[in-house]
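The values are calculated or read from the model by the stated rules, or taken from the named source; none is laboratory data. Note that the coordinates shown come from a computational prediction; the quantities given were computed from them, not determined experimentally. Cβ sites come from the backbone with ideal geometry, for glycine too, and all protein chains shown count toward neighbours.
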Amino acid sequence: MTIEDRLRGDPEPVSPERVMRYWLGQEVEDEDGAPNPDAIGTEPALREELFERKPIAEHVFTPEPADWYLADLSEDALRDLRVVVGEPEQGWRALTDDDRIESIAERIHETDDVDALGSETGKDLREVVELADAIDREGPQGRLVVVEEGDDPAYVADGNHRAVAHVLHLLRGGEFEGQEAYLGVRE
């Protein structure tokens, strides 16, 4: 079963440029003097700005193109997402044996010391807890950038903190109100 089988409603086709503008906007929103993604006139310039800030974006947008959609993930699809690709047992993968967003949220939910757990991996897990608290009050914040490549499970290219926070919110007994994502599907 692919992630496309677990969407709520029909996904809306979008351009890769729209996804890049959104992603770059997420990266520069609190950065003084950062470029306005909407003011960058060409796709090559947009790619350059994004790739410089987020090297994983180059893997997402090259070498093979993906079909991009704005989609509303189901709760099952959100829980089953994998963390961003990378070296085994580094970063997010150090918190899970199966690379699943839900496994990381469970570790955070079960720990007595979020800061100590975060120091093991270099990830700001306090931010995840604060984002989950915000979801309790305001609902999900922002879209995820998710990629599905062939038969491999879909992974979060951008928004790992938000995805883990959303599942943590659910583990605390919160209600699922949907989660929008830009979904790139590569055969």
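Counting just the residues of region 147-172 that are assigned to a strand (DSSP E or B) and more than 19 Å from Gly91 (Cβ to Cβ), which one comes out farthest from the chain's Cα centre (by Cα)?
For region 147-172, the residue satisfying everything is Glu149.
For region 31-60, the set of residues classified as within 18 Å of the chain's Cα centre (by Cα) and without any contact (Cβ under 8 Å) to a residue 24 or more places away in the chain consists of Phe51, Pro55, Glu58, listed by residue number. Just to be sure, is Leu144 over 23 Å from Pro13 (Cβ atoms) and under 16 Å from the mean Cα position of the chain (by Cα)? Here the answer is no, as Leu144 does not meet what is asked.
Of everything listed in (1) at pLDDT 90 or above; (2) more than 23 Å from Gln141 (Cβ to Cβ), the single unmet condition for Met20 is (2). Can you confirm whether region 8-15 contains a residue that is exposed (fewer than 14 other Cβ atoms within 10 Å of the Cβ), at pLDDT 90 or above, small (Gly, Ala, Ser) and closer than 20 Å to Val147 by Cα? Yes, there is a match, as at least one residue in region 8-15 is exposed (fewer than 14 other Cβ atoms within 10 Å of the Cβ), at pLDDT 90 or above, small (Gly, Ala, Ser) and closer than 20 Å to Val147 by Cα. Scanning region 111-146 for residues that are without any contact (Cβ under 8 Å) to a residue 24 or more places away in the chain and farther than 29 Å from Asp72 by Cβ turns up Thr111, Asp112, Asp113, Val114, Asp115, Ala116, Leu117, Gly118, Ser119. Residues of region 62-95 that are buried (at least 19 other Cβ atoms within 10 Å of the Cβ), more than 22 Å from Pro16 (Cα to Cα) and at pLDDT below 85: Trp92, Arg93. Scanning region 30-52 for residues that are of a type in the set (Asp, Glu) and modelled with pLDDT of 90 or more turns up Glu48, Glu49, Glu52. Among the residues of this structure, Glu27 counts as one that is more than 21 Å from Gly150 (Cα to Cα) and at pLDDT below 95. Among residues of region 1-13 that are over 13 Å from Glu75 (Cβ atoms), those with a beta-carbon under 6 Å from a residue that is at pLDDT 75 or above and surrounded by 13 or more Cβ atoms within 10 Å (Cβ to Cβ) at least six positions away or on a different chain give the pairs Gly9/Asp72; Pro11/Tyr69; Pro11/Ala71; Glu12/Leu70; Pro13/Tyr69.
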